[in-house]
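What follows is a single structure, written as structure tokens, with notes after it.
The values are calculated or read from the model by the stated rules, or taken from the named source; none is laboratory data. What you see is a predicted model; the values in this text were computed from it and never measured. For neighbour counting, all protein chains shown are included, and Cβ atoms are generated from backbone atoms with ideal geometry for every residue, glycine included.
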Amino acid sequence: MSPSISSKRATKTSTMERAISPPPLRTTHSSAKVTTTTTTSTYRLSLHAHPTQNPSWHQPTHTLMVAHYTSHHSINTTSKPHPAIDPATPSKIAAFDLDHTLTAPKTGSIHSQSATDWRFLYPCIPTTLRNLSATGYKIIIFTNQGGLKPEYVGMFKAKIAGVLAEIDVDCIVYVARGDDRYRKPRTGMWGVMRGDVGGDVDMEACFYVGDAAGREGDHSNADKGFAEGVGLRFYTPEEFFLGEKPKVEEKESSGEESEKDDDGHLDSNGSA
Ligand SMILES: [Mg+2]
């Protein structure tokens, strides 16, 4: 993370957001260091679990999948809880979109064509996430996958397993498969995550990184809208990982999303 990057809070409410969703619940804070609590827990995951599968997958609803990955470091050091899971310490959430934020297809196509058709968007990404985890951040991924057909779920899970194994930090991945309250820019996935993580959250320390920022050429502003709805600092991948300053003004969203969405990653071409 570049310390030089200033927080950029969204100042516009896009046409798309207004069109597809009621105003999301916004976390408000009135002091420099604020903690919030939630009552939206549907189930609880321990970041120190020893899943028989890594990641372990859960499906709280038919439109939401959750993957819980436990790093090898955590598996081998269970006697020393990570500061991030100390219930007395408000959680710090480092949240990321997946496609075209952390990863991109190796083939150069818009969507991955197989479980191994991915690369990190920037080489520094694994190290950056490991450093965040080492300083007490919980690493969370929120991804829209509305185009994920049932026959490709296995390949998608294999892709996620590969990505998480390469990064190898404790991580929870939330996958929105429908067009409901979980789909970004709506904030349902954040609410579920808050229930899973539990305890207080230091909202001033939290942030979200995504490529759908409503810039010229972006397929949507779903990521920026999500951060705005939750009340998170927002960065594009270029700003966060490369330290670039924002250089393109936000455009007014048409409310339509192009095919370069996270969705469709397993489209009619078949494989993940
Ligand atoms: Mg994306």
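Couple of notes before you dig in:
- Taken over the range 152-181, the criterion of being over 14 Å from the mean Cα position of the chain (by Cα) and of a type in the set (Asp, Glu) is satisfied by Glu166, Asp168, Asp179, Asp180.
One line per residue, one yes/no per condition, for (1) modelled with pLDDT of 95 or more; (2) in contact with a strand residue (DSSP E or B) (Cβ under 6 Å, 6 or more places away or on another chain); (3) more than 17 Å from His68 (Cβ to Cβ):
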residue: Arg130; (1), (2), (3): yes, no, yes
residue: Lys138; (1), (2), (3): yes, yes, no
residue: Pro150; (1), (2), (3): no, no, yes
residue: Lys157; (1), (2), (3): yes, no, no
residue: Ala161; (1), (2), (3): yes, no, no
residue: Ile172; (1), (2), (3): yes, yes, no
residue: Asp180; (1), (2), (3): yes, no, yes
residue: Pro185; (1), (2), (3): yes, no, yes
residue: Val192; (1), (2), (3): yes, no, no
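- Total residues in the range 132-160, condition within 16 Å of the ligand (Cβ to nearest atom) and of a type in the set (Gly, Ala, Ser): 2
- Restricting attention to the range 94-128, the residues being more than 13 Å from the ligand (Cβ to nearest atom) and either buried (at least 23 other Cβ atoms within 10 Å of the Cβ) or without any contact (Cβ under 8 Å) to a residue 40 or more places away in the chain (or both) number 8.
- As a summary of the residue check, Asp218 satisfies the conditions (1) assigned to a helix (DSSP H, G or I); (2) within 15 Å of the ligand (Cβ to nearest atom) except for the one numbered (1).
- Among the residues of the range 166-215, those that are touching a His at 6+ places or on another chain (Cβ under 9 Å), aliphatic (A, V, I, L, M) and outside any loop (DSSP other than H, G, I, E, B) comprise Ile172, Val173.
- Hits in the range 137-165 - residues which are assigned to a strand (DSSP E or B) and aromatic (Phe, Trp, Tyr): Tyr137, Phe142
- Test: residue in the range 226-235 that is within 16 Å of the ligand (Cβ to nearest atom), in contact with a Pro (Cβ under 7 Å, 6 or more places away or on another chain) and not β-branched (Val, Ile, Thr): yes
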